[in-house]
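For reference, the structure is listed below as structure tokens.
The values are calculated or read from the model by the stated rules, or taken from the named source; none is laboratory data. Values in this document were obtained by computation on a predicted structure and should not be read as measured data. Reconstructed Cβ throughout: ideal geometry from the backbone, glycine too, with neighbour counts over all protein chains shown.
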Amino acid sequence: MFSVFYKLSWFFKEQWVRYSVAITALIIVSFIDLLPPKLVGMAIDAIQYNELTAERLMQYIVVFIGLIVISYGIMFLWDYHLFGGSLLLERKMRSKLMSHFMKMSPRFFSHNRTGDLMARATNDLKAIMMTAGFGILTLVDSTIFMSFIILMMGFTISWPLTLAALIPMPLMAIIVHQYGKIIHTRFTAAQSAFSELNNYTLEAIRGVRVTRAFVQEQQDFERFSDRTETVFQKNKSVANMEAFFEPTIKILVGISYTIGLGYGAMMVIDNRISLGDLVTFNVYLGMLIWPMFAIGELINVMQRGNASIDRVDHVFAQQADVTDPVIPKKIEIPEVIHFEQVDFTYPDVTGKQLAGLNVTIQRGETIGIVGKTGSGKTTFFKQLLREYAPPQGNLTINQIPIASFSLDTTRSWIGYVPQEHVLFSKTVKENLTFGCGSKSNQEIDRILESACLKADMEALPEGLQTLVGESGVTLSGGQKQRVSLARALLMDPEILILDDSLSAVDGKTEANIITHLKRERKGKTTMIAAHRLSAVKHADQIIVLDEGRIVESGRHEELMKQAGWYKTQFSLQQMEGGEE
């Protein structure tokens, strides 16, 4: 159970001053809180024996008030440091988790669903925060504070009475331990169910248009209700188990009270303790209720924290497929990109997705990548984006293996416009300047012209300040594509990769964009993957892929002279009006 503290030892070592102050203050408060009951007992004895004077009563009152004031001040001290530390842990772990997500490769996200990751970044971190705050409080109160009370009862009143009143304690420890094991199992299951619900909710929101189009609202609601009921039942089972704590402890505390009152009264009659001692003893027994409850809360919090930190550590244990070299190479500009006998296979997949690629790309060239669906165009680009471990063969930049550069270096050269266009729930302008910081209005207008987007932006209610909504829901597919293209152009990257990024625009708009691209990208490398061959007709080099292999390559004129796939497809598209 207490292994959770070992797992968090790195944080406690880092914040040892904060936690030392908090725990020391807790111990001091625990001792101070034991003095007022003793004063009450002394006052009762003084009344019983007619020894209480006005002066003595005033002394008791002044000391009593002084202890309350001192206790209040020290309580603020431990509260501030202890719970401030737990919030700091949550912030650190959330930042660490987000940083870990940013470093991970696509393989990680294919093995971990988004809803599950969200659950670990919210509910599980909250449970860990409780461990570092409330968990420490219950640990101190259930051990040190309880020990202080027992020692005070034994040394200042009567050890026989104290030991008799504590007879139920070992039984309580055994029962609480069994409760804790069951809670750990049930809480882990409840968190997994919550992850499932999170994931389903996310998918339902993203796919709401498809759900409506297929008139599946009722069925979707029923499926959601089933998952909600599962989460409810699993959390209810945790709550049911937790509900046993309080009655169990109350019964055991009641037994202690019975023993204390019965045996204590006999000792008063036998003059072995005074009436004031019996009152003080019963006050101490009442004070023992919280430490006894604290044992139950401690078990509960520890088991929850242990289950949650195991789930979070499982995420941290997964390493990225691609990491930076120990001593990265540095170059100013990528002049030559060379693929030599490059083979690539996706993790957990059989068969090669790229096989025997030999391509040389000079700076300033425009490269067209074409082929049937699933021929390997996007996979080709992913080798430069370094989303997966380096491929077999040699992939070099300026004759240096690409794996010798840091990830930040290679990715800083590249502006990437993927097939699935990702827009954030911000304004159009914030989306445009996402990768390049602030830009002047003149620069933005020029790029909007290049992406044939200026008229569309002027038609929006608030122009560039228009909020695009969740994932750009207020924009059409073609507008989203062109916003993504303009965002990449504003970066002015050394290498621009367009992965079928003009599929949602008409032929005339595509021709205008290509014309602007030629001007904007002069002297820099551009790679274009497309199904509409008019998008790559102007390229310096066109590569035709089929099942990950290069089956044709050359300029447009050269490929038209060959009786291959390119000529056949281009002719078909011409007849269908694919080019304007």
Just to verify a result, which residue in segment 536-565, among those that are of a type in the set (Val, Ile, Thr) and surrounded by 18 or more Cβ atoms within 10 Å (Cβ to Cβ), is farthest from Phe344 (Cα to Cα)? Val536
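So that you can scan it fast, the table gives a plain yes or no per residue for (1) aliphatic (A, V, I, L, M); (2) touching a residue at least 40 places away in the same chain (Cβ under 8 Å); (3) in contact with a helix residue (DSSP H, G or I) (Cβ under 9 Å, 6 or more places away or on another chain):
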site: Thr280; (1), (2), (3): no, yes, yes
site: Val283; (1), (2), (3): yes, yes, yes
site: Gly286; (1), (2), (3): no, no, yes
site: Trp290; (1), (2), (3): no, yes, yes
site: Phe293; (1), (2), (3): no, yes, yes
Asn50 - would you say it is under 30 Å from Trp10 (Cα atoms) and either in the same structural domain as Ser142 (by TED's automatic domain parsing) or exposed (fewer than 14 other Cβ atoms within 10 Å of the Cβ) (or both)? no
Considering residues that are of a type in the set (Gly, Ala, Ser) and buried (at least 18 other Cβ atoms within 10 Å of the Cβ), the number found within segment 277-302 is 2
Filter segment 36-75 for residues that are of a type in the set (Ser, Thr, Tyr) and modelled with pLDDT under 90; the one that is nearest to the chain's Cα centre (by Cα) is Tyr60
Run down Ile273, Ile255, Ile259 and say which single residue is in contact (Cβ under 8 Å) with a residue 24 or more places away in the chain, farther than 30 Å from Arg386 by Cα, out of contact with any Leu (no Cβ under 6 Å at 6 or more places or on another chain) and in a loop (DSSP other than H, G, I, E, B). Ile273
Scope segment 91-142; condition at pLDDT below 90, under 11 Å from the mean Cα position of the chain (by Cα) and aliphatic (A, V, I, L, M); matching residues: Met102, Leu117, Met118, Ala119, Ala121
Given the conditions (1) of a type outside the set (S, T, N, Q); (2) closer than 26 Å to Gln353 by Cβ; (3) touching a residue at least 60 places away in the same chain (Cβ under 8 Å), and given that Arg521 satisfies all but one, which numbered condition is not satisfied? (2)
I'm told Ala43 meets every condition in (1) touching a helix residue (DSSP H, G or I) at 6+ places or on another chain (Cβ under 8 Å); (2) aliphatic (A, V, I, L, M); (3) surrounded by fewer than 17 Cβ atoms within 10 Å (Cβ to Cβ) except one. Can you identify the failing condition by its number? (3)
Do you know which of the residues in segment 184-205 that are within 17 Å of Gly305 (Cβ to Cβ) and more than 17 Å from the chain's Cα centre (by Cα) is modelled with the lowest pLDDT? His184
Helices (runs of 4 or more DSSP H) wholly inside segment 72-188 containing at least 2 residues that are surrounded by fewer than 16 Cβ atoms within 10 Å (Cβ to Cβ) and out of contact with any Ser or Thr (no Cβ under 7 Å at 6 or more places or on another chain): 106-111, 146-156, 159-165
Take Ser195 and tell me if it is among the polar types (S, T, N, Q), buried (at least 17 other Cβ atoms within 10 Å of the Cβ) and out of contact with any Asp or Glu (no Cβ under 7 Å at 6 or more places or on another chain). no
With respect to Lys181, determine if the residue is at pLDDT 85 or above and either over 24 Å from Thr24 (Cβ atoms) or not assigned by TED's automatic domain parsing to the domain that holds Leu34 (or both). no
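Here is a yes/no grid of residues against (1) modelled with pLDDT of 85 or more; (2) under 44 Å from the mean Cα position of the chain (by Cα); (3) of a type in the set (S, T, N, Q):
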site: Gly207; (1), (2), (3): no, yes, no
site: Gln216; (1), (2), (3): no, yes, yes
site: Asp220; (1), (2), (3): yes, yes, no
site: Val231; (1), (2), (3): yes, yes, no
site: Gly254; (1), (2), (3): no, no, no
site: Gly262; (1), (2), (3): yes, no, no
site: Leu278; (1), (2), (3): yes, no, no
site: Val283; (1), (2), (3): yes, no, no
site: Met302; (1), (2), (3): yes, yes, no
How many residues of segment 279-313 are of a type in the set (D, E, K, R) and more than 30 Å from Arg94 (Cβ to Cβ)? The answer is 0
Contact list please: Cβ distance under 7 Å, first residue in segment 52-67 and over 18 Å from Asp33 (Cα atoms), second residue assigned to a helix (DSSP H, G or I), pairs at least six apart or on different chains. Leu52/Ala43; Leu52/Ala46; Arg56/Ala46
Could you list, in sequence order, all residues of segment 505-558 that are assigned to a strand (DSSP E or B) and of a type outside the set (A, V, I, L, M, F, W, C)? Thr525, Thr526, Gln541, Asp546, Arg549, Glu552, Ser553, Gly554
Being of a type outside the set (Lys, Arg), closer than 30 Å to Ile331 by Cβ and surrounded by 22 or more Cβ atoms within 10 Å (Cβ to Cβ) is true for just one of Leu453, Leu496. Which residue is that? Leu496
Selection from segment 421-440 of residues under 23 Å from the mean Cα position of the chain (by Cα) and more than 11 Å from Val483 (Cβ to Cβ) yields Ser425, Lys426, Gly435
Count, please, the residues in segment 303-339 that happen to be surrounded by fewer than 15 Cβ atoms within 10 Å (Cβ to Cβ), hydrophobic (A, V, I, L, M, F, W, C), in contact with a helix residue (DSSP H, G or I) (Cβ under 8 Å, 6 or more places away or on another chain) and not in a helix (DSSP H, G or I). 0
Within segment 340-373, can you find the residues that are farther than 23 Å from Leu517 by Cβ and either in a strand (DSSP E or B) or not assigned by TED's automatic domain parsing to the domain that holds Pro418 (or both)? Glu340, Gln341, Val342, Asp343, Phe344, Leu354, Ala355, Gly356, Leu357, Asn358
Leading residue by the ranking (modelled with the lowest pLDDT) among those in segment 423-446 that are among the hydrophobic types (A, V, I, L, M, F, W, C) and not in a helix (DSSP H, G or I): Cys436
